[in-house]
Amino acid sequence: MIKQPTQVNGIIRWTGVEETHASANRKEHKMVTLRQEIGEVLREIRQLQGRTLREVSHLARVSLGYLSEVERGQKEASSELLASIAQALDVPLSLVLRLVSDRIAEAEGVLVPDTVPLELAAAYGTIPDEVPDNLATEMAPQP
């Protein structure tokens, strides 16, 4: 239910009105915040590497508490800090941002196609849509 102003005898009151189907559809996608998504991606990368907050915070030259707050989405990290954390995790900042972008697109219900850059496609010719069944045997070392 949404509220809208209604005037009765010169007095404006806010009354509840049922939402239309169109406005209900707009609320299907959850609200995401950039800082939360960045924090979750950084934490996932760190945990996949089996590293501690202490180790990464030392290498990134940021306090352990601040890094923890960034990972929990409670603090906005500057671009310099993000670059420092990415370097401490030994991952390109572009990869971190790509993962964040993919997560936000998914939350918004946006389909982002994976594409092959034209230069890469030109360098390697055509890239097949399917992997041939005999690929493993062709690439196996010959005795």
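The values are calculated or read from the model by the stated rules, or taken from the named source; none is laboratory data. Remember, predicted model here, so these are calculated numbers, not experimental data. Quick reminder, even Gly has a Cβ in these numbers, built from the backbone with ideal geometry, and neighbours come from all protein chains shown.
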Report summary line: Taking region 45-54 and keeping only residues that are free of Cβ contacts under 8 Å to residues at least 12 places away in the same chain and not aliphatic (A, V, I, L, M), one is left with Q47, G50, T52, R54
Requested in this report: Return yes or no: is L118 among the aliphatic types (A, V, I, L, M) and at pLDDT 85 or above?
Outcome: no
Report summary line: When region 54-110 is checked residue by residue, the ones that are in a loop (DSSP other than H, G, I, E, B) and hydrophobic (A, V, I, L, M, F, W, C) are V62, A77, L89, V91, V110
Report summary line: Per the filter on region 31-53, residues part of a helix (DSSP H, G or I) and hydrophobic (A, V, I, L, M, F, W, C) are L34, I38, V41, L42, I45, L48, L53
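So that you can scan it fast, the table gives a plain yes or no per residue for (1) in contact with a helix residue (DSSP H, G or I) (Cβ under 8 Å, 6 or more places away or on another chain); (2) modelled with pLDDT of 85 or more; (3) surrounded by 13 or more Cβ atoms within 10 Å (Cβ to Cβ):
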| site | (1), (2), (3) |
| --- | --- |
| Q7 | no, no, no |
| G50 | no, yes, no |
| L59 | yes, yes, yes |
| Y66 | yes, yes, yes |
| S84 | yes, yes, yes |
| V96 | yes, yes, yes |
